[in-house]
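First comes the structure, then the notes that go with it.
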């Protein structure tokens with residue numbers, strides 16, 4: 001059986017990852033808080049990047065109650081560098097809701113978990129199956145890729161179609177292990193490129209392998225042109241302090257501290273122009289020209305000592321601007 005072969009392979013080959021610690025109550029189930037945090041961190045982020053963040057997170061917030069009590073600035077600082085900061089804000093908001101409305105007990109079904117901020121169909125199914133043993137399928141990008149090759153699914157791969165193909169193979173009472181095994185297979189064997197078919201436990205079930213068309217699945221997506229934004233960054237330095245603003249609670253970098261960014265400036269820049277800083281996000285690229293201005297920027301903000309700036313949560317882009325500023329100071 002497909003599930004039997006897959007689970008046997010997983011037991012022998014699964015990676016030793018910090019969030020794969022079993023619950024104290026039931027050895028075959030995971031701690032829901034650890035599963036939740038790891039799944040949110042792993043969205044759009046590689047495992048090797050997440051591991052040190054996850055370990056530091058558990059040291060700072062060892063359980064749900066401790067995390068819910070934390071200040072959002074502390075949360076964002078700990079998340080600094082992981083990107084997609086909305087994940088951290090939603091995670092914090094959801095933790096507070098669980099404490100306030102569910103007496104610090106996380107919902108146990110995928111349906112109820114999906115009602116929490118930042119938890120979609122995949123994450124809710126992952127938590128419900130791994131932590132509570134619910135028989136539900138969790139479909140992420142890795143699982144979609146495996147399914148596309150197993151069943152030769154062409155074109156756009158929908159979650160609904162993947163679930164329809166895999167549900168007959170879902171072993172009752174072992175959904176968590178089955179979901180994780182499929183994800184592990186996609187991450188380590190059935191990868192986007194350089195597929196290791198020779199070590200795959202599902203060779204005999206894989207239609208793409210049998211037809212020798214593995215490279216054709218999943219279908220190649222048409223790449224969209226990535227917009228490129230140009231901005232000016234205002235860098236106001238007074239003695240050993242720099243002017244920073246905390247961004248609003250909405251938007252991509254909400255809640256983070258950073259330099260004021262302008263689309264355009266009315267007059268020719270007055271002050272030292274630092275080297276351009278470039279950064280790429282998922283949906284766009286940005287180039288910022290930092291200007292060391294002698295006039296304090298308009299709007300609310302604070303003068304922050306360069307010695308204490310590391311206590312604030314800054315985006316990677318703002319850290320790059322800060323690095324250019326420090327270089328300029330060193331060369332004065």
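The values are calculated or read from the model by the stated rules, or taken from the named source; none is laboratory data. Model, not experiment: these values are computed from the prediction. As a convention, Cβ positions derive from the backbone with ideal geometry for all residues, glycine included, and neighbour counts pool all protein chains shown.
Sort out which residues of the range 295-312 are more than 28 Å from residue 79 (Cα to Cα) and either within 29 Å of the chain's Cα centre (by Cα) or touching a residue at least 40 places away in the same chain (Cβ under 8 Å) (or both), and write them in order of number.
295, 296
From the list 187, 177, 164, 208, the one residue that fits, being outside any loop (DSSP other than H, G, I, E, B) and free of Cβ contacts under 8 Å to residues at least 40 places away in the same chain, is 164.
Return a yes/no flag: does the range 232-245 have any residue that is under 25 Å from the mean Cα position of the chain (by Cα), outside the structural domain of residue 123 (by TED's automatic domain parsing) and either within 30 Å of residue 307 (Cα to Cα) or assigned to a loop (DSSP other than H, G, I, E, B) (or both). Before the answer, list the steps.
Let us first name the residues in the range 232-245 that are under 25 Å from the mean Cα position of the chain (by Cα), namely 245.
The next check asks that each one be outside the structural domain of residue 123 (by TED's automatic domain parsing); those that pass are 245.
Next, from what is left, pick out any that are either within 30 Å of residue 307 (Cα to Cα) or assigned to a loop (DSSP other than H, G, I, E, B) (or both): 245.
So far as the range 232-245 goes, yes, one or more of its residues are under 25 Å from the mean Cα position of the chain (by Cα), outside the structural domain of residue 123 (by TED's automatic domain parsing) and either within 30 Å of residue 307 (Cα to Cα) or assigned to a loop (DSSP other than H, G, I, E, B) (or both).
Looking at the structure I just gave you, is residue 103 assigned to a loop (DSSP other than H, G, I, E, B) and free of Cβ contacts under 8 Å to residues at least 60 places away in the same chain?
Values: assigned to a loop (DSSP other than H, G, I, E, B): yes; free of Cβ contacts under 8 Å to residues at least 60 places away in the same chain: yes.
Yes, satisfied.
Screening the candidates 135, 156, 140 for the property of being surrounded by fewer than 18 Cβ atoms within 10 Å (Cβ to Cβ), touching a helix residue (DSSP H, G or I) at 6+ places or on another chain (Cβ under 7 Å) and under 28 Å from residue 186 (Cβ atoms) yields one hit, 135. Could you tell me whether residue 251 is assigned to a loop (DSSP other than H, G, I, E, B) and surrounded by 12 or more Cβ atoms within 10 Å (Cβ to Cβ)? No, not satisfied.
Just one of 56, 149 is in contact with a helix residue (DSSP H, G or I) (Cβ under 7 Å, 6 or more places away or on another chain) and either closer than 30 Å to residue 6 by Cβ or modelled with pLDDT under 95 (or both); which is it? I'd like the intermediate steps shown before the answer.
Working: 56 fails: either closer than 30 Å to residue 6 by Cβ or modelled with pLDDT under 95 (or both).
That would be 149, the only listed residue that is in contact with a helix residue (DSSP H, G or I) (Cβ under 7 Å, 6 or more places away or on another chain) and either closer than 30 Å to residue 6 by Cβ or modelled with pLDDT under 95 (or both).
Checking residue 236 against (1) surrounded by fewer than 19 Cβ atoms within 10 Å (Cβ to Cβ); (2) under 29 Å from residue 284 (Cα atoms); (3) touching a residue at least 40 places away in the same chain (Cβ under 8 Å), which single condition isn't satisfied? Every listed condition holds for residue 236 apart from (1).
Is it true that residue 220 is under 30 Å from residue 140 (Cα atoms), out of contact with any helix residue (DSSP H, G or I) (no Cβ under 8 Å at 6 or more places or on another chain) and not in a helix (DSSP H, G or I)? Here the answer is yes, as residue 220 does meet what is asked. Somewhere in the range 108-126, is a residue without any contact (Cβ under 8 Å) to a residue 24 or more places away in the chain, in a helix (DSSP H, G or I) and surrounded by fewer than 16 Cβ atoms within 10 Å (Cβ to Cβ)? For the range 108-126, residues without any contact (Cβ under 8 Å) to a residue 24 or more places away in the chain, in a helix (DSSP H, G or I) and surrounded by fewer than 16 Cβ atoms within 10 Å (Cβ to Cβ): present.
Residue pairs whose Cβ atoms lie under 6 Å apart, separated by 6 or more positions or on different chains, with the first residue in the range 52-80 and within 21 Å of residue 20 (Cα to Cα) and not assigned by TED's automatic domain parsing to the domain that holds residue 103 and the second in a helix (DSSP H, G or I) and modelled with pLDDT under 95, do not occur.
Return the residues of the range 254-264 that are over 15 Å from residue 293 (Cα atoms), touching a strand residue (DSSP E or B) at 6+ places or on another chain (Cβ under 9 Å) and assigned to a loop (DSSP other than H, G, I, E, B); say none if nothing qualifies. Listed by number, the residues that qualify are 255, 256, 263.
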